[in-house]
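I have placed the structure first, in the form of structure tokens, so that the comments after it can refer back to it.
The values are calculated or read from the model by the stated rules, or taken from the named source; none is laboratory data. Computed from a predicted model, the values in this text were never measured in an experiment. When we count neighbours, we look across all protein chains shown, and the Cβ atoms used for this are built from the backbone with ideal geometry, even at glycine. Note: areas computed on protein heavy atoms with side chains; ligands, DNA, RNA excluded. Shrake-Rupley method; radii C 1.70, N 1.55, O 1.52, S 1.80 Å.
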Amino acid sequence: MTPRFDAIVLGAGAAGMLCAATIGQCGRRVLLVDHFPRLGEKIRISGGGRCNFTNRHAGPQHYLSRNPRFCRSALARYTPQDFVALVDRHRIAWHEKTLGQLFCDGSATQIIAMLQAECDAGGVHWLRPVDVTAVARGPAGFRVETSGGAVEASVLVVATGGLSIPKIGATPLGYRIAEQFGLPVVTPRAGLVPLVFAPDALARYGELSGVSLDAEVTCNGGRFREALLLTHRGLSGPAVLQASSYWRPGDALHVDLLPDRDAEAALFAERRSRAQVATVVGEWLPKRFAQAFCETEGATSALDQTPDRTLRQLASRLHDWPVTPSGSVGWSKAEVTLGGIDTDALSSKTLEARAVPGLHFVGEVVDVTGHLGGFNFQWAWASAVAAGRAIGGAD
């Protein structure tokens, strides 16, 4: 006889585990299914191994989606303070870094252990590691065929994540399930990902790998003031990772290299200096980068021998360095997946598919993507609890 549950959750990541725990603690019989041998691998590697598990400032303005209002309901009903209370209850020490980012003092494995304990408290059943080979819906609910046998439930929650970092188990299963049931999917693309220089920029700056500077990066309405890092292939660092979620092929990034300085005024204040322009600019920016940048802009003379027009052009470029990447480094280094299940097909309160009662989608598989800094975990927690409480009857 096929084992039957009240709910089956596909995906034992951040959203899947908390959703299963929430359903179980409401008194429902729930099964958590996953294909990867190691549990919560994306949690384990996050935040340099310390898991940036939320951000104090998480709000709708920190998320990208075709419907930017969709995330409001879940985020309002399960806040960063709610998750911090859970972390505190499990006596996990944490600390706050810049911009509201919260990290474990110890290891990210503490968050995984906490979620396991919450699942245990809800009597969650586990089926892993197994591959899901088919999903079907009938009068009695959903039937999931796996390499470990078939299981059935009235409710199915898809928490399978996106396509980022395939080596730790990312698959397109969630999108395939959505398409099987006629739900639209916003084309997935890599987000929070390093970008690659075009050949001409690579020739000029490719030898500066490891150089870092404070900059403001703007792209398609996204504006981020954080560190920018040059790599052997292009640009990375928090400011660029943030902007990458707004970037589309063919678009330029606009980089203000001196956001706290009036470059033109500073250059003309040194107008009589016999020092090379790059030497002066190298007092404000890393010297190797200043040299390459000034050479690219044709400012290769002593400052007192450089025409005013050249200095003004250089100042303008220092505040607006346009970089048009040739692409991103792809899924292997992307921290998140943009796009996913179209939110127009889901209830913002319960994450249930409007056209398929009993089918819910939570976490990264949904077209809601956060900024860097703990926002994506907060969406995972909030969407998981919203669906879990609805399924469990707590709302």
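Here the stretch 162-201 is the region considered, the condition is being modelled with pLDDT of 95 or more and touching a His at 6+ places or on another chain (Cβ under 9 Å), and the residue that is farthest from Val356 (Cα to Cα) is Leu192.
Comparison of Val144, Val130 shows that the only residue that is more than 25 Å from the chain's Cα centre (by Cα) and more than 24 Å from Val385 (Cβ to Cβ) is Val130.
Taking the conditions (1) more than 30 Å from Thr133 (Cβ to Cβ); (2) over 15 Å from the mean Cα position of the chain (by Cα); (3) of a type outside the set (Asp, Glu) in turn, Val158 satisfies each one other than (1).
Given the structure, is Leu18 under 30 Å from Glu152 (Cα atoms) and not aromatic (Phe, Trp, Tyr)?
Considered against the rule, which asks whether it is under 30 Å from Glu152 (Cα atoms) and not aromatic (Phe, Trp, Tyr), Leu18 comes out as yes.
Per the listing Arg77, Arg56, the residue uniquely open to solvent by 10 Å² or more (accessible area, probe 1.4 Å), in contact with a Gly (Cβ under 8 Å, 6 or more places away or on another chain) and more than 28 Å from Arg128 (Cα to Cα) is Arg56. Residues in the stretch 346-384 that are in contact with a helix residue (DSSP H, G or I) (Cβ under 9 Å, 6 or more places away or on another chain), farther than 16 Å from Val185 by Cα and without any contact (Cβ under 8 Å) to a residue 24 or more places away in the chain: 0 in all.
The stretch 270-384 holds no strands (runs of 3 or more DSSP E) entirely within its bounds that carry 3 or more residues that are open to solvent by 20 Å² or more (accessible area, probe 1.4 Å). The residue that is farthest from the chain's Cα centre (by Cα), counting only those in the stretch 308-352 that are closer than 23 Å to Pro249 by Cβ and aliphatic (A, V, I, L, M), is Val323.
Among the residues of the stretch 70-106, the ones that are out of contact with any helix residue (DSSP H, G or I) (no Cβ under 7 Å at 6 or more places or on another chain) and either charged (D, E, K, R) or within 13 Å of Ala380 (Cα to Cα) (or both) come to 8 in all. Restricted to the stretch 12-53, and to residues there that are in contact with a Phe, Trp or Tyr (Cβ under 6 Å, 6 or more places away or on another chain) and open to solvent by 30 Å² or more (accessible area, probe 1.4 Å), the residue that is nearest to Ile112 (Cα to Cα) is Arg50.
Condition check for Gln116 on (1) part of a helix (DSSP H, G or I); (2) open to solvent by less than 10 Å² (accessible area, probe 1.4 Å); (3) among the polar types (S, T, N, Q): one failure, at (2). In the stretch 250-269, the qualifying residues are those that are part of a helix (DSSP H, G or I) and either in contact with a helix residue (DSSP H, G or I) (Cβ under 6 Å, 6 or more places away or on another chain) or open to solvent by 60 Å² or more (accessible area, probe 1.4 Å) (or both), and the one that is nearest to Leu213 (Cα to Cα) is Ala263. For first residues located in the stretch 205-227 and within 22 Å of Glu295 (Cα to Cα), partners that are of a type in the set (A, V, I, L, M) and open to solvent by 20 Å² or more (accessible area, probe 1.4 Å) and lie 6+ apart or on another chain with Cβ distances below 8 Å form the pairs Gly210/Leu229; Val211/Leu229; Ser212/Ala227; Ser212/Leu229; Leu213/Ala227; Asp214/Ala227; Ala215/Ala227. The residues in the stretch 129-139 that are assigned to a loop (DSSP other than H, G, I, E, B) and open to solvent by 80 Å² or more (accessible area, probe 1.4 Å) can be counted, and the count is 2. When the stretch 69-114 is filtered for residues that are without any contact (Cβ under 8 Å) to a residue 40 or more places away in the chain and among the small types (Gly, Ala, Ser), the ones remaining, listed by number, are Ala76, Ala85, Ala93, Ala113.
Applying the criterion of being in contact with a helix residue (DSSP H, G or I) (Cβ under 9 Å, 6 or more places away or on another chain) and either open to solvent by less than 10 Å² (accessible area, probe 1.4 Å) or over 16 Å from Cys119 (Cα atoms) (or both) to the residues of the stretch 385-395, the residue that is modelled with the lowest pLDDT is Asp395.
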